[in-house]
Amino acid sequence: MVDVERDIDMAGETKFRYIQRAGDEVRELVYDYKICNGCGICVYACPVNAIELGPVHDIAIGLEMPPVTIDHTKCAYCGICYAFCPFSAYEFYVNGEKVGKEDLPLSPVGFTEIDCEKCVDCTLCYRVCPEDAITREVKITRDAIQQKNEDVRGKVVIDREKCNLCGICAEFCQVFKMVEREPGPTNPMPYEDILLDESTCDYCVLCEDVCPEGAIKVDGGKRIEFRLEKLANISVDNERCSNCAYCEVVCPYDAIKTTKPMEGELFLYEPRMYRCDPVGCGACIKICQHNRVWYVSEDKGRVHFNEDHCIYCGACENACPYDLIGVRRESYYTKEKVSWEPWVESWHQALSRIIEKRRTTEPERKLYREEMGGIIAEEEIIVRKVDERVRAELEEKLRVVEALLKRPYYRRVIEKGNTEAFINGLRKELSEG
């Protein structure tokens, strides 16, 4: 038994829930179309062709509909689409328990990890992440420290040559204000400047200890008796991470590394790029919501890309109305779970289809019938002879009707609406024949 439900969560987001009940086992496939960008990987991965790609270009420029549709009557509830979706648009449950991708026969290996020895717990990586997959848990701020200087006057000075705009000071003390900017493919920095507001400063000198670059000095300040330890904890949710590598590019301490799940090539068909309309269209920029690869090049006057952030999902290729974009996949990094050995071959086949951008071939449907002796064969011959006789009789009757319609009298009868006279004449001709 298969059911389809449409869930609306507390945030108002719509999700489609497909449920299969077989005996004591209940499998659920949940699809969040707000996360889906129409990359089509699940379409190629599906072993039963249960997933169809929608009008991705129209969706990119504003059409409100799911980028893919799922035929729940064909779905095998195998979890392949869930396993290979690079943006976690699917969830997969068995008997109410969410299945981890690492528990499936094959799972992608793309991930982002932090080197704790190098990380200084600054704000750059979590501020730049387009997926909010990086969190910064603050341990202590200046406001939480009760000790304050009284009647101390000083001056806070920032050495602009040393400052790398990491943002630690601003999240520790409200004296420092970061001027934010929108990170992009050509410049992933989330800040463009730092400002000072000393109206609330008591010149405690703790900001000197906070800065990892030694770029802050407090002239005339008085250090309070408080020992700063760890300011924050940085963590990565790899289920939400799109492996865009923005964090890796922006980190000044080489403390975070991203491994892409796929390798390949992103390219433009240059001879026909004159068709590109970045102002009226821009579908590639809009559809690339997870990795932010595309931008409008001022030099070229049309769209271009930064391949460092691309994982070759193919959404941009699907969204371009003029077929100007090409995505070639060369490999998909996965790990295999040995305990699934009897079923793993179908998963490897799905992997090959994703790389080749090829849908599965449905088996040819044939009707088989068991023959008992010569009885059925003899009956088939009789039926065939009957069919031939009936066809011959019908052809003869049609010839009589055609001959009757050629006579002027009967044509006038039909034109006047006297069908009874025509029918009587037809009966007479058939009986005489």
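The values are calculated or read from the model by the stated rules, or taken from the named source; none is laboratory data. Just so it is clear, the structure is predicted and the values come from calculations on it, not from any experiment. Cβ sites come from the backbone with ideal geometry, for glycine too, and all protein chains shown count toward neighbours. Keep in mind that these areas ignore ligands, DNA and RNA; they rest on the heavy atoms of the full protein, side chains included. Shrake-Rupley method; radii C 1.70, N 1.55, O 1.52, S 1.80 Å.
Hydropathy first: keep DSSP H helices in the chain averaging at least -0.5 on Kyte-Doolittle, then drop any whose Cα extent along the axis falls short of 30 Å, and list what survives.
Span-like helices in the chain: 375-405.
Can you find, among Ile114, Tyr269, Pro190, the residue farthest towards the positive end of the dipole of the chain? Put +1 on the C-beta of Lys and Arg, -1 on that of Asp and Glu.
Tyr269
Using alpha carbon centroids, what distance separates the range 46-71 and the range 186-262, in Å?
That distance is 41 Å.
Roughly how many nanometres apart are two label points built 7 Å out from the Cα toward the Cβ at Arg272 and Ala421?
6.5
Identify which of the listed values of volume of the Cα convex hull per residue in Å³ was calculated from the structure shown: [x] 131; [y] 305; [z] 140.
[y]
For Lys98, list the lysines whose Cα falls under 30 Å from its own Cα; do not include residues on the same chain fewer than 8 positions away.
Lys15, Lys34, Lys74, Lys257, Lys260, Lys335, Lys337, Lys357
Quick check on packing: order 291-303, 265-277 by the mean number of other C-beta atoms within 10 Å, highest mean leading.
Details: 291-303: 17.0, 265-277: 13.5.
Listed from highest to lowest mean packing, they are 291-303, 265-277.
Which lysines, on any chain, are close to Lys230 with Cα under 17 Å apart, when same-chain ones fewer than 8 places away are left out?
Lys118, Lys139
First compute the accessible area of the range 37-148 with a 1.4 Å probe, then give the percent of it belonging to carbon and sulfur atoms.
On the way: 2310 of 4690 Å².
Looking at the range 37-148 in its full context, I get 49 percent from C and S.
Contour minus end-to-end for Lys139 and Thr186, with contour as 0.36 nm per residue of separation and end-to-end as the Cα-Cα distance?
Numbers: separation 47, 0.36 × 47 = 16.92 nm, distance 3.29 nm.
Full extension from Lys139 to Thr186 adds 13.6 nm.
Taking only protein heavy atoms and a 1.4 Å probe, what accessible area per residue, in Å², does the chain have with all protein chains in place? Mind showing how you got there, number by number?
Values: 24890 Å² over 433 residues.
Here the per-residue accessible area is 57 Å².
At Lys155 and Arg223, where each label point lies 7 Å from the Cα along Cα→Cβ, what is the point-to-point distance in nanometres?
2.2
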